[in-house]
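The values are calculated or read from the model by the stated rules, or taken from the named source; none is laboratory data. Keep in mind that this is a model prediction, so the values were computed, not measured. Every residue, glycine as well, gets a Cβ built from its backbone with ideal geometry; the counts of neighbours run over all protein chains shown.
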Amino acid sequence: MQEHLIIFDTTLRDGEQSPGASMTKEEKLRIAWQLERMGVDVIEAGFPAASNGDFEAVRAVAESVKDSIVCGLARAIESDIRRAGEALKGTGAARIHTFIATSSIHMKNKLRMSPEQVIDQAIRAVKWAGEYTNDIDFSPEDAGRSEIDFLCRIIEKVIDAGATTINIPDTVGYTMPEQFGNLIRVLRERIPNSDKVVFSVHCHNDLGLAVANSLSAVIHGARQVECTINGLGERAGNASLEEIVMAVRTRQDYFSCDTKIDTKQIVPASKLVSGITGFPVQPNKAIVGANAFAHESGIHQDGVLKHRETYEIMRAEDVGWGANKLLLGKHSGRNAFRSRLKELGIEFESEEMLNNMFLRFKELADKKHEIFDEDLHALVSDEALVLQERYRLLSLVIHCETGEIPYARLVISDDGNELHAESEGSGPVDATFCAIEKLLTSGAELQLFSVNNITSGTDAQGEVTVRLQKSGRIVNGHGADTDIVVASAKAYLSALNKLHSKLEREHPQV
Ligand code: KIV
Ligand code: ZN
């Protein structure tokens, strides 16, 4: 009988700490619904004390998600914990995740607290959390570099105070798999009340070892893994959910536990997160990369055709490849459109919003014969941006001819006022960006420009990500269209809208 391995997804919290990956409440809700559909046990929806926006997003996710536990992060300080408690109050199954650093380097230089003060604060934090819920996750931050005797002491005390999950983070991605697995084993053996809690791990990928470290911990008794879709997260990211889930599922001969994840939802989740954050997935990424199941060499192709298991240890369809049903075309009606969106977890607050979306769907269906789920997600993202944002693209004319200088002329709406500009550039995209800058003079530095096709075929929509940096703030904007210059203009404007919104948030670990 396999034990249950709890999947704790932190895409909406640690994932969001990736520079440029911040998400709106609506975007978080769409990802949360997909995580719920996938069977994730715990969704860490954000850090409510970071900003009002984060508070509202955690509350909205907690109110709407019914089949997963929803969790809010809080530093081990009273105001943070009360904020997390308030965000989750009166909703369904709720968890508070509180943390305090335990390595000498963090206690001395960041917290400026003695080890005894850290223990007292941790106990108080768990007790404050207990006023709101009895599902309390405690993390000794930077556990990977903390002294083992101290870890044992603090963990024993927080368990006595009411913690129900002990999460061991390798915050800076420093440990090696064998070391990390042993750390979990030793903690479980040495802490007298360790049998009262679930041991969890949270590994960062600075040395590319987040998944290996997490799996090593699972071998040594960890029964919760904190992870993110596509491995998104602070710096080099977190352990990627899809790799953890598929490693454990594929090697049931090796692991004595399994998850309850519906693996067919993995690729749709990956595409959704990549589309919303604008972080493309590298083609050779395990499980969710475009090449993960593509066989190039003749010998491999021959082998797979004769007997699939010669070179394939998993089936593409089991992780959701090919599940993007061809669904609608230009003759589809509003009801078919509405019900497919509903199946994707997308609902509209008003008939008017649905009507706008339906019109845009028809426009797209005129340009593109086959509309896939990914196209619908891109349409919804686009529509959400159009409704909320200050700058919108109204029209764009491009002139390109061999031997001529590319030229762009565009009209933008700035809070309803029409602005016109034109410019030359080294290519059509450059001309478009120069024209936008002539109008809006943001002075932002372009850090990244990337184009991906949402589905296959030359009529596919191009999805463009633009990363801008200004005064230390980094934002990602994205746009989709069958014309990649239009998609680029939308992406640039979406990034400017984000810069303009000046959302100030506190970072939990600073
Ligand atoms: O990396 C880390 O230590 C964290 C904690 C808040 C768990 O993200
Ligand atoms: Zn982290």
**Tally, over the range 140-164, of residues that are within 17 Å of residue 85 (Cβ to Cβ) and within 27 Å of the chain's Cα centre (by Cα)** = 2
**Fill in**
Exactly one of 137, 120, 149 is in contact with a strand residue (DSSP E or B) (Cβ under 9 Å, 6 or more places away or on another chain) and of a type in the set (D, E, K, R), and that one is 137
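Okay, residues lined up against (1) of a type outside the set (Val, Ile, Thr); (2) within 20 Å of the chain's Cα centre (by Cα); (3) surrounded by 15 or more Cβ atoms within 10 Å (Cβ to Cβ):
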{"site": "239", "(1), (2), (3)": "yes, yes, yes"}
{"site": "242", "(1), (2), (3)": "yes, yes, yes"}
{"site": "258", "(1), (2), (3)": "yes, no, no"}
{"site": "275", "(1), (2), (3)": "yes, yes, yes"}
{"site": "281", "(1), (2), (3)": "no, yes, yes"}
{"site": "287", "(1), (2), (3)": "no, yes, yes"}
{"site": "308", "(1), (2), (3)": "yes, no, no"}
{"site": "321", "(1), (2), (3)": "yes, yes, yes"}
**Request:** State which residue is nearest to residue 164 (Cα to Cα) when the search covers only the range 216-268 and only residues that are more than 16 Å from ligand 2 (Cβ to nearest atom) and of a type in the set (Ser, Thr, Tyr).
**Result:** 259
**Request:** Return the pairs, sorted by first residue and then second, in which the second residue is of a type in the set (Asp, Glu) and within 12 Å of ligand 2 (Cβ to nearest atom), the first residue lies in the range 196-222 and is assigned to a loop (DSSP other than H, G, I, E, B), the beta carbons are less than 6 Å apart, and the residues are 6+ apart or on different chains.
**Result:** none
**Prompt:** Residue check: is residue 207 under 21 Å from the mean Cα position of the chain (by Cα) and within 16 Å of ligand 2 (Cβ to nearest atom)?
**Reply:** yes
**Asked** Of all residues in the range 170-201, how many are on the phi < 0 side of the Ramachandran plot and within 16 Å of ligand 1 (Cβ to nearest atom)?
**Response** 14
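The rows are residues; the columns are (1) buried (at least 24 other Cβ atoms within 10 Å of the Cβ); (2) touching a helix residue (DSSP H, G or I) at 6+ places or on another chain (Cβ under 9 Å); (3) under 22 Å from residue 6 (Cα atoms).
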| site | (1), (2), (3) |
| --- | --- |
| 29 | no, yes, yes |
| 52 | no, no, no |
| 61 | yes, yes, yes |
| 78 | no, yes, no |
| 82 | no, yes, no |
| 89 | no, yes, no |
**Message:** Residues that are closer than 23 Å to residue 42 by Cα and either of a type in the set (Val, Ile, Thr) or within 13 Å of ligand 1 (Cβ to nearest atom) (or both): does the range 100-115 have at least one?
**Reply:** yes
**Request:** Tally the residues that are crowded, with 20+ Cβ neighbours inside 10 Å and touching a Ser or Thr at 6+ places or on another chain (Cβ under 9 Å), restricting the search to the range 63-76.
**Result:** 7
**Item:** Search result, residues across the range 455-466 that are surrounded by fewer than 24 Cβ atoms within 10 Å (Cβ to Cβ) and either touching a helix residue (DSSP H, G or I) at 6+ places or on another chain (Cβ under 6 Å) or at pLDDT 90 or above (or both)
**Value:** 455, 462
**Message:** Name the single residue that is nearest to ligand 2 (Cβ to nearest atom) among those in the range 473-489 being over 18 Å from the mean Cα position of the chain (by Cα) and surrounded by fewer than 24 Cβ atoms within 10 Å (Cβ to Cβ).
**Reply:** 473
**Request:** Using the structure shown, decide if residue 167 is assigned to a helix (DSSP H, G or I), within 16 Å of ligand 1 (Cβ to nearest atom) and either charged (D, E, K, R) or under 23 Å from the mean Cα position of the chain (by Cα) (or both).
**Result:** no
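Any chance you could count how many residues in the range 256-273 are assigned to a helix (DSSP H, G or I) and among the polar types (S, T, N, Q)?
Count: 3.
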**Request:** Hey, could you check the range 225-239 for residues that are away from ligand 1 (no atom under 12 Å from the Cβ) and not aliphatic (A, V, I, L, M) and say which is farthest from residue 509 (Cα to Cα)?
**Result:** 230
**Request:** Please determine, by comparing only the residues of the range 138-164 that are within 14 Å of ligand 1 (Cβ to nearest atom) and polar (S, T, N, Q), which one is surrounded by the most Cβ atoms within 10 Å (Cβ to Cβ).
**Result:** 139
**Request:** Give 197, 218 a once-over and let me know the one that is closer than 30 Å to residue 320 by Cβ and touching a strand residue (DSSP E or B) at 6+ places or on another chain (Cβ under 7 Å).
**Result:** 218
**Prompt:** Looking only at residues in the range 414-465 that are within 23 Å of residue 371 (Cβ to Cβ) and free of Cβ contacts under 8 Å to residues at least 24 places away in the same chain, which one is nearest to the chain's Cα centre (by Cα)?
**Reply:** 453
